[in-house]
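Report on the following structure.
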Amino acid sequence: MFYALQWLRSLIFTIQAYLVMALMAVFFIPWALFDQRGAFAAVHTWCNWVRWTAGWMIGLKSEIRGEVPTGDVIIASKHQSFFDIIMIVSVVPRPKFIMKKQILWTPIVGWFARRIDCVPVDRGKRGAAIKSMVDALTRGEQKPAQLIIFPQGTRVAPGVKRDYKVGVSILYDELKKPVVPAACNVGVFWPRQRIYRAPGLAVVEFLPQIEPGLSKREFLQSVEEVVESRSDALMQEAGFQIEG
């Protein structure tokens, strides 16, 4: 009975979140057309709305731990569901993503992604994707921002192991920017490709930044170790059993 009721609450929550997204888009687009600050205001407002409504509609509270990065950095984050994206974007001042180019054609999301300078890549062509990432991020004058990248390349369910891809180490080496690792337990409560959302406390934790200067191999090992170990600890804190 509880599961059925929570599933229904989750469905209502999801519907209202996307309806509000459409309403906010209409409200913010005139400002965002002429001023990028309008686009950032839109994404911040919607992400905070989702966090707030998740808390009282489905019992899913959310918490940010660690020092929120505000400078010109790369955020290398564990990615378990859409909610970890929402949580990160809700608190960093100038978020932008490296994302699948198909997202550009998604209604509302694609347009605002363009306005906040997200970088589209073709994930199906690994070498070309890495080159296009580097070219896009080094071409012309880039405003200071928090570039969010998911080192595993996609959402990974709790308890599933997936290698970290070399793209993040290449960006670290080429851009010479600090990298802020981020861990999370969000997938315990908000699974991918399901309507059901469980109540609890979703956490995204920003970890001490890794300064430029490491070799690509050293960096990749370091970021994987710290993100995976801390994410495992957060998931165990949430009651998820880590096998092995």
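Taking label points 7 Å from Cα along the Cα-to-Cβ direction, residue 61 and residue 29 give a separation of 3.8 nm.
With every protein chain in place and a 1.4 angstrom probe, the accessible-area ranking of 176, 96, largest first, reads 176, 96.
Dipole check for the chain: with +1 at the C-beta of Lys and Arg, -1 at the C-beta of Asp and Glu, and the Cα centre as origin, the magnitude is about 780 Debye. With R₀ fixed at 30 Å, the C-beta to C-beta distance from residue 222 to residue 162 puts the FRET efficiency at about 0.95.
The largest accessible area among 100, 78 belongs to the first residue in 100, 78, and the rest follow in falling order (1.4 Å probe, all chains).
The Kirkwood hydrodynamic radius of the stretch 22-109, based on inverse pair distances between different Cα atoms, is 14.4 Å. Between 117, 72, 35, the residue with the greatest mean-square fluctuation in the GNM of the chain (Cα pairs under 10 Å linked by springs) is 35. Once C-alpha pairs closer than 8 Å and six or more residues apart are averaged by separation and normalised to the residue number of the chain, the relative contact order reads 25 percent.
Beyond 19 Å, the tail of the calculated P(r) for the stretch 153-244 holds 45 percent of the Cα pairs. Rg over Rh for the chain works out to 0.96, using Cα positions for both radii and the Kirkwood form for Rh.
Under 5 Å between amide H atoms, partner at least 5 residues away or on a different chain: which partners does residue 75 have, H built in plane at 1.01 Å? Those lying under 5 Å, H to H, from residue 75 are 147, 148, 149, 180. Modelled spin-label separation between residue 4 and residue 174, with each label point placed 7 Å from Cα along the Cα-to-Cβ direction: 5.4 nm.
Compared with the direct C-alpha span, the chain from residue 233 to residue 52 gains 62.7 nm at full extension, assuming 0.36 nm per residue. Exposure check, 1.4 Å probe, all protein chains in place: residue 61 carries approximately 110 Å² of accessible surface.
The values are calculated or read from the model by the stated rules, or taken from the named source; none is laboratory data. Quick caveat: nothing in here was measured; it's all calculated off a predicted structure. Every residue, glycine as well, gets a Cβ built from its backbone with ideal geometry; the counts of neighbours run over all protein chains shown. Only protein heavy atoms, including side chains, enter the accessible area calculation; ligands, DNA and RNA are left aside. Shrake-Rupley method; radii C 1.70, N 1.55, O 1.52, S 1.80 Å.
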